[in-house]
1. What are the residues in region C:1-23 that are buried (at least 16 other Cβ atoms within 10 Å of the Cβ) and within 10 Å of DNA strand F (Cβ to nearest atom), if any?
2. Kindly indicate the residue of region B:151-190 that is more than 8 Å from every other protein chain (Cβ to nearest Cβ) and more than 20 Å from the chain's Cα centre (by Cα) and also surrounded by the fewest Cβ atoms within 10 Å (Cβ to Cβ) among those meeting that condition.
3. How many residues does region C:5-20 hold that are in a helix (DSSP H, G or I) and more than 14 Å from chain D (Cβ to nearest Cβ)?
4. Could you say whether any residue in region A:79-93 is over 21 Å from residue A:160 (Cβ atoms) and modelled with pLDDT under 95?
5. Condition first: more than 10 Å from chain C (Cβ to nearest Cβ) and assigned to a loop (DSSP other than H, G, I, E, B). Now tell me which residues in region D:116-150 satisfy that.
6. Among the residues of region D:50-69, which ones are within 16 Å of DNA strand F (Cβ to nearest atom) and over 15 Å from residue D:15 (Cβ atoms)?
7. Of the residues that make up region B:70-92, is at least one within 16 Å of DNA strand F (Cβ to nearest atom) and either within 14 Å of chain A (Cβ to nearest Cβ) or in contact with a helix residue (DSSP H, G or I) (Cβ under 9 Å, 6 or more places away or on another chain) (or both)?
8. Take the conditions surrounded by 19 or more Cβ atoms within 10 Å (Cβ to Cβ), without any contact (Cβ under 8 Å) to a residue 40 or more places away in the chain and away from DNA strand E (no atom under 13 Å from the Cβ) and apply them to residue C:126. Does it pass?
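The values are calculated or read from the model by the stated rules, or taken from the named source; none is laboratory data. Note that the coordinates shown come from a computational prediction; the quantities given were computed from them, not determined experimentally. All Cβ positions, even for glycine, are placed from backbone atoms using ideal geometry, and neighbour counts span all protein chains on display.
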DNA sequence: GATGAATGAGCGTTCATTCAT
DNA sequence: AATGAATGAACGCTCATTCAT
């Protein structure tokens, strides 16, 4: 073959990597297998990425870019606080359906093997949402949509905790089973879940 | 040596395993090193546990037993819903301080490598909390502490999501950094965090 | 098998290693092949030696110990300077016949791949001969067997140069061919070579 | 670029190759790095040389041509045997200073990896010196400068052994350290070494 | 002819697992 | 029963070589 790699090929490689890492984890995923399944040679992985960790990180960033893009779009929609929350929840559902592996990779970095990069990644990944959510909440406070004596960053944190676990509960095996343990069949009724979580958040945000 | 293994020795082995798995993850932890550090031979690990995965699972269950014990104790205290919630939050803080590795292992099973056991473990681990929280909420509904038209299991689920991420945010590198990104120094003020989360949950539970 | 390795087995391993390194060089020798050919698993190589380099060094030291042992024996014989020289030359011939690979390994460390250890190894290996030869020459000077105004260490150096290249000329492919280019069939006549070199050295040592 | 390769460029390539092979050895030197450092593509190396070994051999011949040129010049000078020897020794010193890598490559072929070409190379490289030295010695014999009953080729061999190890002792890490072990600071005093070796050879050549 | 990105065989090393003692 | 040395499959990574441009 020996044809120059198109950027689509690199994208395919990242997608294959994401699937492999999501299914088997950073350590159990096999670089040689990923290369074979992507139809490229191992060599190109080591040409484009420093090592397995570097490739994993690239896959991760690729996944998170898409994820965060959807979130941003939802957040910057017009409307009241709760309208935007609704958009957010629906975006989360959509992402989980369209890119099941992305959320799994996201969850992966919170665990063991990637903890060497924990601090840096958290800054990179969470910083933006943290500031965005906090800003939206401050804004809502200013508009009187929520209590004025609330701690905005912490409210944002609790709020994102709910979203994050919803994401994971849609996509990660363990969290999905856990969701089922709690809610049974209702867990599968996306619309119902959104309504219930909306109510929960609405109340939590107070008047 | 060649002395029969005391159950004490087995406990020490599990503790060493938990620390190793928490620090390095299921795949990177080294069975031979764990044996050495516990002062036993690799042989006994393979006598008492089927394989590395089996040993990991045993470590996990050991950790979760302690964790769930604390939770149960807090939950079965006397008092109003919010009093029990407060006990719960404080128990979570205490566990995070006393057994930092336990929560990390808990988070570990939600990720990649252990997903083969996801369903089974989720049932084992989450089922009890799911039923306990749901029962407490139903009870609170009956007492009028929370709205009567609320979906108890789903409320329990959202509630546990908040608790779970608090646990992880106290103990797991990534989640701790994320907590810092959101809340800065306030993240380290346990008392303040408890108060804020109490308020959040109180509101979410509605009148 | 799984039987504990006897020290003979380790010796066999070293011998196999020496042959492999002598035939193919440090880099081209294959650790897995060496293990297979010795009837042990790769694992034991990495249990007894830190890495390929460490194993190579162990092989080297094993070879040189034997070599230096023979030299020492010859040197500590009774008799005049030239008698001892004769013993030395015959010992060199014997070693070359009995352990053809040992000299090749010795030559190996003077080249490329092992140059990282050059200084240390030179001290370890040459220091003893350097002192021994110099002492013998000083002694001969004192006895009036050689000129009194000669620089003993440098004479020892030139002398050892002649011995070293004789060693290599008996055992290393290139040096052997070179020997043939110079001396034709005479190169194969050990006795004749010894006599000629004795004469050469005798003259060089002066009256 | 895509300009035809000048012979100048090829020379630069060979020089870079020589440095790389001298520093890292045949196996550890990296063809791609050599190409990069010479400002040519890997492709041209494989156009002008059959493979890595072939390129190594070309580098070697390039180095030896220069080396042998200097030797020949010294040897064909006017004067007595010992005058020519002195020229030779000084030429060796000069080469070691001007082309440190050349001697290292020379030593490289005597070791492991290139032994496949040992015989052929030895003929190519040593044959000429062998005949030249032997001729000079025969001549000196005829002129009565050395004993008439000496074996000229063997004397030439011993003589070249001394020169060869002097070359290597000036340029190769291991041999240089060995030189130091024998002679300490005196090893660095070129003039002194030449004088001592002259005396040694003079005596060895006999009356 | 020159280029240099792509290829993939090959090897050093690790470590879960076994089993003779 | 407990031991721990031995095993060897498996995998990350390198780099000599090729060939489409």
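1. Within region C:1-23, C:10, C:13 meet the criteria.
2. Result: B:185.
3. Of the residues in that region, 10 qualify.
4. The answer is no; no qualifying residue exists.
5. Matches in region D:116-150: D:143, D:144, D:145, D:148.
6. Selection gives D:50, D:51, D:52, D:53, D:54, D:57.
7. no
8. Yes; evaluated as a whole, the condition is true for this residue.
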